[in-house]
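J.: This is the structure I want to talk about, given as structure tokens.
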Amino acid sequence: MASSVYSPGHRSPGLPVYSTTSSAVREKFSYHNLSPWLISIPLPLPCIRKPLRLFFLNPRRLHQFTILRFGRAKGSVILTLAFLSFLFFIFALAKRFGTREKKWPRPFLGDPPTLVYKREDLQRIWQWEIASGHYPSRRPSKHQLLSDT
């Protein structure tokens, strides 16, 4: 009877055998090949010899981290939502500190008011109409513009 090449105790001489201590396995599971968290971008300035170094978060590293942590689909969604939240935050800060009112932006609820005049202007116009005789005093007014409530 012929012996099988694939018997449990027999190893094929043509295939490589890797143990957990081999360099290929250590390289696969090591994290030194990941890109750094911060990247520096040199900004040359005309008045300074050495360029000014600006540090930013590395988008490649963020993408690697979210994919390793949450998986390819969920990681990409989480990274996209985080980026959109960051953009909204920057927009809100710009609206808050970039305007004279120094108020936080209000949510977009319905149509904006179409009133051109302020309440004080309408009261002044209404008093002028009555004083000029343009509104008949026999009929009661439908709107109370003269009161402050």
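Only the coordinates and a few stated rules stand behind these numbers; no lab work does. Not measured: the values here are computed from a predicted model. Counting neighbours? That spans all protein chains shown, and the Cβs are built from the backbone with ideal geometry, glycine included.
J.: Say each of L109 and I48 gets a label point 7 Å from the Cα, pointing the same way as Cα to Cβ; how far apart are those two points in nm?
T.: 4.7
J.: If you take every residue apart from K102 with its C-beta less than 14 Å away from the C-beta of K102, what net charge results, scoring Lys and Arg +1 and Asp and Glu -1?
T.: Values: positive: K95, R96, R100, K103, R106; negative: E101.
Here the count lands on +4.
J.: Please give the contour-minus-distance gain from N58 to S85: 0.36 nm per residue of separation, less the Cα-Cα distance, rounded to one decimal in nm.
T.: Values: separation 27, 0.36 × 27 = 9.72 nm, distance 1.76 nm.
Stretched out fully, the N58 to S85 stretch lengthens by 8.0 nm.
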